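All of the numbers you see were taken from the coordinates with simple rules; none came from a lab. Just so it is clear, the structure is predicted and the values come from calculations on it, not from any experiment. Because the Cβ atoms are built from the backbone with ideal geometry, glycine has one as well, and the counts that use them run over all protein chains shown.
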């Protein structure tokens, strides 16, 4: 019994390493799920991945789409959330609540699960009214508007406020620390909401490049990672916003020609 207790204490001292391996494993498994088609069958082996959908929607297909969206959010967002999760793990250990990390991460993932429900419903409706072919916008106007919204939102105070919390794990823990496991869950939910507030417009761009276009998914994930971890964001943010706005304006303009 003493030996088991000693082993458990040693594991707790390595909890950050365990958390890091866990995050890496979940991220890799998520990308693996996407690479294998996210449970969808291709109508043609030569068809692009963003067209791997049946002709009509059903509740079962909607559930499959929800799973695809949620796993995709894990693949895209967990790497950029890792510094916050690892810092919380260390803080939770010092406060005597090592299991708090599980509740913190659960809260974070619940937020992106909620976003995935909304994204699935949006995809369903856009497909119904004919603005999506497969998983990609077939309307230059829709694609252009999404780019414009993403670019403009990059320059708003709301984006700046959410990004500030995402870029400062220590500041977030200091300002929003809550005790107990329920407090850990609330902290995870709050941090997830800040991340959602930071990235929702960028995630909407998946409809522009293709929801299952993994090159596009990877590019957006890399952008989010740089956005949250780059030491100097003063120039990168405005430049990227201008590029999105120009691209969106071009597509909107072409749709009226």
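A few notes on this one:
- Whether the stretch 133-173 is rounded, prolate or oblate, judged on the alpha carbon gyration tensor where a/c under 1.5 counts as rounded: oblate
- Its relative contact order, with pairs defined as Cα atoms under 8 Å and 6+ residues apart, puts the stretch 120-257 at 43 percent.
- Nitroxide proxy distance, nm - points 7 Å out along Cα→Cβ at residue 186 and residue 158: 2.4 nm
- Alpha carbon centroid spacing (whole Å) that separates the stretch 225-257 from the stretch 92-119: 30 Å
- For a paramagnetic label modelled on residue 95 (point 7 Å from Cα along Cα→Cβ), amide N atoms under 16 Å away belong, within the stretch 158-183, to 169-183.
- Given their separation in residues at 0.36 nm each and the Cα-Cα distance between them, residue 254 and residue 170 gain 25.7 nm when the chain is fully extended.
- All-pairs alpha carbon distance profile, the stretch 87-220, 5 Å steps from 0, percent: 2, 10, 16, 18, 16, 13, 10, 8, 5, 2, 0
- Label sites at residue 124 and residue 232, each approximated as a point 7 angstrom past Cα along Cα to Cβ, lie 4.8 nm apart.
- In the chain, the longest principal axis of the Cα atoms and the axis of helix 140-153 are about 40 degrees apart.
- Counted over the stretch 155-250 with a bin width of 10 Å, the fraction of Cα pairs per bin, in whole percents, is 14, 42, 31, 12, 2, 0.
- Its residue count N fixes a reference of 2.2 N^0.38 Å for the stretch 96-135, and the Cα radius of gyration divided by that reference is 1.83.
- Estimated [θ] at 222 nm from DSSP helical runs (n ≥ 4, -39500 (n - 2.57)) normalised by residues in the chain, nearest 500: -26000 deg cm²/dmol
- Gain on full stretching of the segment that runs from residue 14 to residue 215 - 0.36 nm per residue minus C-alpha separation: 68.9 nm
- Whole-number percent relative contact order across the chain, with pairs defined as alpha carbons under 8 Å at least 6 apart: 26 percent
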